[in-house]
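Everything below concerns the one structure shown next.
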Amino acid sequence: MASSIRMEVAMTEEHADETMVTSMRADAERQGADDRKVTDAPHYLARVLMANGIRNMYGVVGIPVTDFARIAQGMGMRFVGMRHEEDAVNAAAADGFITGRPAVTLTVSAPGFLNGLPALLEATVNGYPVIMIGGSSTRHVVDLEEGEYEGLDQMNYAKQFCKASLRIDRIEDIPLAVARAMHIASSGRPGAVYIDFPDDTVAQTLSQSEADRLMWTATDPAPAMVPARKSIDAALALLRQAERPLMVIGKGAAIARAEEEIREFVKKTDIPFQPMSMAKGVVPDTDPHSTASCRSTALRNADVVLLVGARLNWMLSFGQGKTWNEHVKFIQIDINPEEIENTRSIDVPIVGDIRSAMTLLNGSLEEYPFKADETWLNMLKEASAKNVAKFETREQSDQLPMSHFNALGAIKKVYNKHHEDLILTNEGANSLDDCRNIIDMLEPRHRLDCGTWGVMGCGTGYAIGAALSTGKKVLYIGGDSAFGFDGMEVEVACRYQLPITFVVLNNGGIYRGDFENLGADGDPSPLTLTYNAHYEKVLEAFGGKGYYATTPEEVERMVGVGVGGKQLPGGGQLLNVVKAIADVGGGDVGAVTVFLLQLGGGGFAGQPLVDQGDGVVGNIVYGVYAAAVHVQNNVVAAEFILMNHCLLL
């Protein structure tokens with residue numbers, strides 16, 4: 001009996017050993033199979049980017065990154081093929097500004113890379129998180145200057161245009177490179193990072209098991225940076241002594257998403273505030289504490305100024321001179337310690353992120369209570385009321401041909417109705433200044449313009465990035481000179497069916513558009529562009545149709561149809577584009593053009609406009625479908641309006 005039991009035990013142990021060996025063999029075979037599975041650098045880079053939360057990529061493809069774009073798209077990343085690399089970077093920058101996380105731009109080697117650099121620096125100066133990935137030529141051939149195709153040391157060239165420039169030489173380093181880029185682009189003052197992706201790296205492979213083992217993502221790339229308590233106490237102590245306190249809100253506050261904390265501070269203290277251009281909407285422009293309509297009075301008389309994410313650069317006269325009270329004292333909140341005392345002495349520096357700083361300020365008001373003096377507030381309200389009355393008279397004028405002001409005044413009425421779901425992008429010279437002053441912002445991060453660097457050629461890229469990243473409708477307003485830099489991107493808006501309404505204010509030139517040639521050769525002035533240009537014809541190449549309108553009422557109606565986006569049977573939308581040519585120097589605007597589109601099939605909803613035969617809509621007629629029939633089957637989604645400046649003899 002005992003012998004039988006021992007035999008059974010031995011057999012059981014033998015069976016267990018065999019089972020274990022079989023299992024180990026199976027594991028080894030699976031491991032071997034996994035080791036034989038490989039991934040390549042494009043697949044691995046796309047995987048790592050998506051694992052870090054990046055979903056949108058804007059770019060222009062070519063050697064050596066064409067397949068990378070296609071692979072990324074196939075893996076679920078949204079790729080938007082732009083017409084120019086500068087606009088691609090601007091689109092990604094707008095995406096980053098609005099969402100708070102980096103988007104990606106993809107460029108080809110050398111010329112394509114170089115095209116993206118101005119916008120890369122613009123993003124860095126403005127504080128927009130963006131990662132630019134540039135395909136480049138074979139390293140050892142470039143380094144020895146052997147005459148490689150589009151050979152350029154792109155990593156070193158990019159260093160002066162961004163926060164950091166990195167190169168991926170090994171496929172194994174892709175997770176490290178992306179994590180570092182996420183931290184650098186997002187932390188402190190956000191900005192741009194360049195990643196060089198050479199063609200010899202593009203061709204590298206790695207076993208799938210090793211790729212999985214090396215995989216990791218950035219941890220908390222934009223941590224809070226709480227300022228020192230003593231700086232908060234010092235700031236409130238100084239504000240309590242002020243007779244005429246003022247808060248200047250910069251776009252850093254919008255980037256920091258600190259609107260709730262700032263609104264709470266205004267409500268508790270009654271402090272008046274001056275919004276910088278891209279900070280409009282952090283506190284609504286309609287708030288009675290806003291000094292936007294009496295900026296000069298506010299800056300010239302304030303004795304203590306709280307700078308909240310605003311830099312004392314050229315836009316604030318460097319904190320010096322006649323713009324400011326001779327004895328003004330400054331409190332500056334900035335996440336970047338290098339910004340403190342960059343142009344002048346600062347009485348109380350607060351180094352830290354704005355949300356943390358404003359939270360501490362609000363929490364300390366019980367210990368250090370203060371309220372802005374009623375006399376100071378009334379002084380500002382009186383100055384503001386006088387200026388508003390002057391503007392309103394010009395905005396509401398029925399002058400014909402239209403002025404710049406009543407054209408924008410008509411658009412303002414439409415914007416006010418749709419402000420919650422309508423983002424404004426704005427570029428130009430006077431086109432930017434007048435639009436900024438006329439159209440109020442009620443929500444944060446709903447206005448994008450050239451920002452700190454003051455450039456043109458950014459607006460259509462911003463519009464595309466804003467539309468794609470939010471799903472909201474976008475209203476572009478730019479001058480004819482600015483539109484010339486980036487106007488071809490309207491094709492991208494059509495191709496990707498983005499809900500963008502483009503308005504171009506055309507006065508026939510740069511600045512006023514009426515400068516004369518000082519010589520005798522008969523050429524146009526250096527500042528002269530085409531007065532009677534039909535920019536709406538650009539859209540016709542992509543399925544659009546252009547019309548003119550000649551009155552503010554027609555402008556309001558056309559823009560209203562455009563941004564209103566009436567729903568059509570079958571899920572489409574009726575989108576119009578109004579392109580306006582206006583006199584930025586206070587001259588005349590003769591006509592407005594409307595571009596009418598049908599999206600997604602089905603019949604037309606609403607009442608389209610009528611073409612009178614010469615491409616001009618003199619009267620808006622409802623209930624007739626004639627003009628829309630020509631584009632009934634198109635699936636384009638951009639809108640375009642043109643206001644044409646008439647030369648009166």
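The values are calculated or read from the model by the stated rules, or taken from the named source; none is laboratory data. For clarity, every value in this text was computed on a predicted model and none was experimentally measured. Note: ideal-geometry Cβ built from the backbone for every residue, glycine included; neighbour counts use all protein chains shown. Accessible surface is based on the protein model in full, side chains and every heavy atom, while ligands, DNA and RNA are left aside. Shrake-Rupley method; radii C 1.70, N 1.55, O 1.52, S 1.80 Å.
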Residues of region 69-102 that turn out to be crowded, with 24+ Cβ neighbours inside 10 Å, touching a residue at least 40 places away in the same chain (Cβ under 8 Å) and closer than 21 Å to TRP216 by Cβ, as a count: 1
When only residues in region 39-68 that are within 22 Å of the chain's Cα centre (by Cα) and not hydrophobic (A, V, I, L, M, F, W, C) count, which is most open to solvent (accessible area, probe 1.4 Å)? ARG55
In region 516-529, how many residues are open to solvent by 80 Å² or more (accessible area, probe 1.4 Å) and under 21 Å from GLY487 (Cα atoms)? 1
Residue in region 385-400 that is buried (at least 19 other Cβ atoms within 10 Å of the Cβ) and among the polar types (S, T, N, Q) present: no
Which helices (runs of 4 or more DSSP H) does region 448-508 wholly contain that include 3 or more residues that are more than 16 Å from ASN426 (Cβ to Cβ)? 459-470, 490-495
Matching residues in region 303-324 (without any contact (Cβ under 8 Å) to a residue 40 or more places away in the chain and either among the polar types (S, T, N, Q) or buried (at least 16 other Cβ atoms within 10 Å of the Cβ) (or both)) number 6
Might you let me know whether region 420-440 holds any residue that is outside any helix (DSSP H, G or I), open to solvent by 10 Å² or more (accessible area, probe 1.4 Å) and of a type in the set (A, V, I, L, M)? yes
Scanning region 344-399 for residues that are hydrophobic (A, V, I, L, M, F, W, C), under 21 Å from VAL304 (Cβ atoms) and part of a helix (DSSP H, G or I) gives ILE354, ALA357, MET358, LEU360, LEU361, TRP376, LEU377, MET379, LEU380, ALA383
Only one of LEU121, LEU144 that is of a type in the set (A, V, I, L, M) and within 25 Å of GLU339 (Cα to Cα): LEU121
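Yes or no, residue by residue, for (1) under 26 Å from GLU374 (Cβ atoms); (2) open to solvent by 40 Å² or more (accessible area, probe 1.4 Å):
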site	(1), (2)
PRO223	no, yes
ILE249	yes, no
ALA256	no, no
LYS267	yes, yes
MET278	no, no
VAL282	yes, no
SER290	yes, no
If I go through region 538-556 residue by residue, how many of them are at pLDDT 80 or above, open to solvent by 40 Å² or more (accessible area, probe 1.4 Å) and not in a loop (DSSP other than H, G, I, E, B)? 3
Qualifying positions in region 325-336 - surrounded by fewer than 20 Cβ atoms within 10 Å (Cβ to Cβ) and within 30 Å of the chain's Cα centre (by Cα): ASN336
Give the residues of region 352-382 that are aliphatic (A, V, I, L, M), crowded, with 19+ Cβ neighbours inside 10 Å and closer than 11 Å to ILE232 by Cα, sorted by residue number. ALA357, MET358, LEU360, LEU361
Check ARG300 against each of (1) open to solvent by 60 Å² or more (accessible area, probe 1.4 Å); (2) at positive phi and name the one condition it does not meet. (2)
Residues of region 103-123 being crowded, with 24+ Cβ neighbours inside 10 Å and among the polar types (S, T, N, Q), which ones? THR105, THR107, SER109
When residues of region 154-184 are filtered for being surrounded by fewer than 20 Cβ atoms within 10 Å (Cβ to Cβ) and of a type in the set (Gly, Ala, Ser), how many remain? 2
